[in-house]
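Here's the structure, in structure tokens; my notes come after.
The values are calculated or read from the model by the stated rules, or taken from the named source; none is laboratory data. Keep in mind that what you see is a predicted model, and the values were worked out from it rather than measured. Cβ coordinates were reconstructed from backbone atoms using ideal geometry, including for glycine residues, and neighbour counts include every protein chain displayed. Note: accessible area is taken over every heavy atom of the protein model, side chains too, but ligands, DNA and RNA are not part of it. Shrake-Rupley method; radii C 1.70, N 1.55, O 1.52, S 1.80 Å.
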Amino acid sequence: MLEHLDRLPPDPILGLMAAFRADADSRKVDLGVGVYRDERGDTPVMKAVREAERDVLERQTTKTYVAPAGNASFNAAMRRLALGEGSPLADSDRVCAVQAPGGCGALRLGAELIRIARPDAVVHVSDPTWANHVPLLSGCGLKLERYPYFDARSGGVAFESMMRALEALPPRSVVLLHASCHNPTGADLDEAQWREIAALLQRRALLPFIDMAYQGLGRGLEADAYGLRLIAGEVPEALIAVSCSKNFGLYRERVGCLLVVGQSSAAAEAALTQLVRIARGLYSMPPDHGAAIVAEILGNAALHAAWQSELTTMRERILQLRAATAEALAVACPQKDFSHIVRQRGMFSYLGVDKDTVRRLRETHHVYMTDDSRINIAGLRMENIPYFAEAVARALAQ
Ligand code: LMR
């Protein structure tokens, strides 16, 4: 029966990673997959992670199973990191947390829980959204629809259209929101807009499903969670998928967490039993190593401070790259406006060029980005920004 399987094209993001690795040109620039890189172009293990890892390994006496819900210290720490240290919700019995294999695992657990609660639920995602949201959320049978989000002219959020679309949704629709550092556009909601969204979700009885994959890489650990905390504190129910891939640099260790806010402690407890059952049926238990590292960092004041300081350095470097990139593009391509790059946050921005230009950038100039012209700003180096800007100018002129 397997001979009838269709051969599929490579994943739009991960396929680029492979193509980049195979390119032998020394000028090549990887703006594809969303990983942080330093000024040498490396994605090093964070110092706090290295130290915590040593401590974890020294103390570890067994490799026996943990549990389908994962590491309890990690789950407790993630509640505080996402919902706010000392916030009533972080300690509330209306919240349950399960460790998941990465942010992707958390998103899928959440989707499976929604499907069990309401098989005909429709999940509304932003237009555009991260490409992998589609298979992650619809793979378990949920229907996906899109609400307007990005205003290509301003490079910001098309807020009025977004609000109009959400206002028209039937009650109990699921709305997927990016907590910060919107992937792929870098266009985030401001605090006043988050307040309007929170009120709308409440008024229209919509279920927020919030994806927080870049906490600390946009405006800061607290500011990046502003909307999420506001919503979680106001609505009766919410799902929150958190990833530790980017802010702890733990990509390959697959560390994430799903938080569920229920109407009552009984609802949260029931959700937890369901999630444990779902996890058991999908992968049994999440991998422990990365979660143990995160628990160690967040549970140790010195490591916590060291991690935060490294994260601040990463965030500030992205901001400097944004400023330098917009400036270089303004000089190399005066006919096109790239000023949105400075206003956006996180790793990504749209360059705003068509597919043919993206192809020319790849084939002629060895600059890699996804077909929609999403660029990972953190993949640039101060040193190669002039090359990149010149390549864009040439590809646009061809
Ligand atoms: C990205 O958007 O590039 C990252 O989140 C990596 C991935 O898995 O797609």
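Table: residues versus (1) open to solvent by less than 50 Å² (accessible area, probe 1.4 Å); (2) assigned to a loop (DSSP other than H, G, I, E, B); (3) farther than 30 Å from Ile375 by Cβ; (4) among the aromatic types (Phe, Trp, Tyr).
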| residue | (1), (2), (3), (4) |
| --- | --- |
| Glu269 | no, no, yes, no |
| Ile278 | yes, no, yes, no |
| Pro287 | no, yes, yes, no |
| Thr312 | yes, no, no, no |
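Taking the stretch 328-352 as the search range and keeping residues that are away from the ligand (no atom under 16 Å from the Cβ), buried (at least 19 other Cβ atoms within 10 Å of the Cβ) and part of a loop (DSSP other than H, G, I, E, B), which one is farthest from the chain's Cα centre (by Cα)?
Among those residues, the one meeting the criterion is Cys333.
Quickly run through the stretch 91-105 and pick out the residues that are within 13 Å of the ligand (Cβ to nearest atom) and either hydrophobic (A, V, I, L, M, F, W, C) or not assigned by TED's automatic domain parsing to the domain that holds Ala158 (or both). First the steps, then the outcome.
Taking the stretch 91-105 as the starting set, the residues that turn out to be within 13 Å of the ligand (Cβ to nearest atom) are 101-105.
If the condition is that a residue be within 13 Å of the ligand (Cβ to nearest atom) and either hydrophobic (A, V, I, L, M, F, W, C) or not assigned by TED's automatic domain parsing to the domain that holds Ala158 (or both), then Cys104 is the only one that fits.
Hand me the list of helices (runs of 4 or more DSSP H) wholly inside the stretch 49-149 holding 2 or more residues that are of a type in the set (Val, Ile, Thr).
Ranges flagged: 102-117.
Would you confirm whether or not the stretch 240-247 contains a residue that is in contact with a helix residue (DSSP H, G or I) (Cβ under 8 Å, 6 or more places away or on another chain) and in a helix (DSSP H, G or I)?
No, every residue in the stretch 240-247 fails to be in contact with a helix residue (DSSP H, G or I) (Cβ under 8 Å, 6 or more places away or on another chain) and in a helix (DSSP H, G or I).
Does Val242 satisfy the criteria of being within 21 Å of the chain's Cα centre (by Cα), touching a residue at least 60 places away in the same chain (Cβ under 8 Å) and open to solvent by less than 60 Å² (accessible area, probe 1.4 Å)?
Working: within 21 Å of the chain's Cα centre (by Cα): yes; touching a residue at least 60 places away in the same chain (Cβ under 8 Å): yes; open to solvent by less than 60 Å² (accessible area, probe 1.4 Å): yes.
In short, yes.
Based on what the data block shows, is Val134 of a type outside the set (Gly, Ala, Ser), within 16 Å of the ligand (Cβ to nearest atom) and surrounded by fewer than 21 Cβ atoms within 10 Å (Cβ to Cβ)?
yes
Restricting the stretch 141-156 to residues that are within 23 Å of Ala205 (Cβ to Cβ) and of a type in the set (A, V, I, L, M, F, W, C), which is nearest to the chain's Cα centre (by Cα)? Spell out the reasoning first.
Filtering the stretch 141-156 for residues within 23 Å of Ala205 (Cβ to Cβ) gives 141-149.
Going one step further and asking which of them are of a type in the set (A, V, I, L, M, F, W, C), we end up with 142, 144.
Working: Leu142: 20, Leu144: 18 Å.
For the stretch 141-156, the residue satisfying everything is Leu144.
Return the only residue of Pro88, Pro148, Pro119 being farther than 23 Å from Ala270 by Cα and assigned by TED's automatic domain parsing to the domain that holds Ile240.
Just one listed residue meets the conditions, Pro148.
What number goes with the only condition from (1) part of a helix (DSSP H, G or I); (2) open to solvent by less than 40 Å² (accessible area, probe 1.4 Å); (3) more than 30 Å from Ala391 (Cβ to Cβ); (4) not acidic (Asp, Glu) that Ile318 does not pass?
(3)
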